[in-house]
Amino acid sequence: MSDPSALTTEALAAIAQAPGEDALAKVELEYLGRKSGRVSRLLANIGQLPPAEKAALGKAANEAKRAIEAALAARRAELEQARLADLAETEAIDVTFPGPPLGRGHIHVLTQVRRQIETVLESLGYQVELGPEVETEWYNFEALNITAGHPARENWDSFYFSPELLLRAHTSPVQIRAMQRIKEPPIYIITPGRCYRRDAPEATRLPYFSQVEGLAVDRGMTVGDMKGTLLYMIQSLYGADRKVRVRPSYFPFTEPSFEFDVSCGICGGMGCKSCRHKGWLEVGGCGMVHPQVLRNGGIDPSQWNGYAWGFGIERMAMLKHDVDDIRLFYEPDLRFLEQF
Ligand SMILES: [Zn+2]
C-alpha cells in the first residue's frame, strides 16, 4: 500500500509539470479518479485495517486528496493566465501601434512645369498675373482685336453661357486686365491658367488645357528682346543645347506675328520620328503687341510698345518629357503620373 505523503509528493510533481489541461485531466484521473484513482483506492482499503491505524491513515489520505485538489486548481489557474497572456500577445489590437505608412504623393507634372516656367520668368523680373476663367466676350475677343465676324474666331471656338459670357479660350484676357490695372508701363507679366475650347479630346488636343502667356510693355521693345527672353526660358527648361526660331505667322493681336519653334531634343535638330523629321518642334505663337490691343488696355502705343507670347503648358510638358498623348495628363493612371 502506498504512503499518502509519498503519493502526494508524486502527484504534486506531475501537476507542476503538466503542460496543459489535457495532461492535468490525466493526472487528476490517475490520483483522484472515483474508482481506480490511487487516492480513492487508498481510502477504499482503510476499512480492512486495524482501528488503531485506520484513523491516522484516513486523516493522511484525506489530506493528500485535498492537497492534490488544491494543486490541480492552482495549476489550472496558472495555465489559464498563461493562455490569456499568450492571446493578448498574438491577437490583441494595439491601438498605439503605428499604422502602415501612407503612400506619399507628389506635385502633378503639369504643375511642376508651370512652376518651372514661373520661376525662370520671375528671375527675369516678370510677375504672375491671374484672371477669371469665365470671361466676357469683350475681354476674350474684342479687346484682343478679334472683332465679331472675324474669321479668326473659328480658331477659338468657345463654350458660351450667354452671348456675352463664355469660358475663356486663352489667357490673353488677363493681359488686357493687367494693362488696365497697372496703367503705367513698364509691364512684365506672365499669365498661367486654364483655358477651354470646343475641341473633341484626341492625342494632341483637349477641350480644357493650360496656357502660360507673357506680356512685356516698355519703351523701344524689339523682336530680338522677345526672342532672347524666350531663348533664355527654353534653355532654362530644356537645356542649354536647345535652339529656337521664329517663323512669320498671323494673329489678330500681334503685328508682326510668329510661330515659335524649339530644336528637337531627341535628334538635336537632325530630324527624327519624334519631330516628324523636321528637327524642330512647335511650341506656340508670339509677336509684337498690336497697337490697338495696347489701346484697348489703356496704353498709349505712341509711347510704348511690347511683345507677347502664348504657349500651352501641356505642350511644353509633352516636349520636356517626350509624352505623345495629351490625354495622359488628365487621366488618373499612376503608372504614367509616378514617372515624374
Ligand atoms: Zn527630332
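Before moving on, here are some points about what is shown:
- Leading residue by the ranking (farthest from the ligand (Cβ to nearest atom)) among those in segment 260-302 that are of a type in the set (Ser, Thr, Tyr) and modelled with pLDDT under 95: SER263
- Residue check for ALA74: in contact with a Lys or Arg (Cβ under 8 Å, 6 or more places away or on another chain) and among the hydrophobic types (A, V, I, L, M, F, W, C): no
- Pairs linking a residue in segment 58-78 that is closer than 12 Å to LEU32 by Cβ to a residue that is of a type in the set (Gly, Ala, Ser), with Cβ atoms under 6 Å and 6 or more positions apart or on different chains, are ILE68/ALA11.
- Qualifying residue in segment 305-318 (condition: more than 16 Å from the ligand (Cβ to nearest atom), over 24 Å from GLY224 (Cα atoms) and buried (at least 21 other Cβ atoms within 10 Å of the Cβ)): yes
- When ALA18, ALA23 are screened for being within 19 Å of ALA82 (Cβ to Cβ), of a type in the set (A, V, I, L, M) and surrounded by fewer than 16 Cβ atoms within 10 Å (Cβ to Cβ), only ALA23 passes.
- Taking segment 123-153 as the range and being in a helix (DSSP H, G or I), farther than 20 Å from PRO185 by Cβ and in contact (Cβ under 8 Å) with a residue 40 or more places away in the chain as the test, the residues that pass are GLU142, ALA152.
- Extreme residue, nearest to HIS170 (Cα to Cα), among residues of segment 211-246 that are within 16 Å of the ligand (Cβ to nearest atom) and of a type in the set (D, E, K, R): ARG245
- In segment 1-60, the residues that are in a loop (DSSP other than H, G, I, E, B) and closer than 16 Å to ARG75 by Cα: ALA18, PRO19, GLY20
- Of the numbered criteria (1) under 30 Å from GLU338 (Cβ atoms); (2) charged (D, E, K, R); (3) in a loop (DSSP other than H, G, I, E, B), the one ASP94 fails is (1).
- Tally, over segment 179-237, of residues that are loosely packed, with under 15 Cβ neighbours inside 10 Å, assigned to a loop (DSSP other than H, G, I, E, B) and not charged (D, E, K, R): 8
- Number of positions in segment 322-340 that are outside any loop (DSSP other than H, G, I, E, B) and loosely packed, with under 13 Cβ neighbours inside 10 Å: 2
- Whichever residue in segment 154-176 is part of a helix (DSSP H, G or I) and of a type in the set (S, T, N, Q) and, among such residues, is farthest from the chain's Cα centre (by Cα): ASN155
- Test result for SER249, in a strand (DSSP E or B), small (Gly, Ala, Ser) and more than 16 Å from the ligand (Cβ to nearest atom): yes
- Any hit, segment 34-44, residues being among the basic types (Lys, Arg), touching a residue at least 12 places away in the same chain (Cβ under 8 Å) and assigned by TED's automatic domain parsing to the domain that holds ALA73: yes
The values are calculated or read from the model by the stated rules, or taken from the named source; none is laboratory data. Since we're looking at a predicted model, the values are computed, not measured. Please note: Cβ atoms are built from the backbone with ideal geometry, for glycine as well, and neighbour counts cover all protein chains shown.
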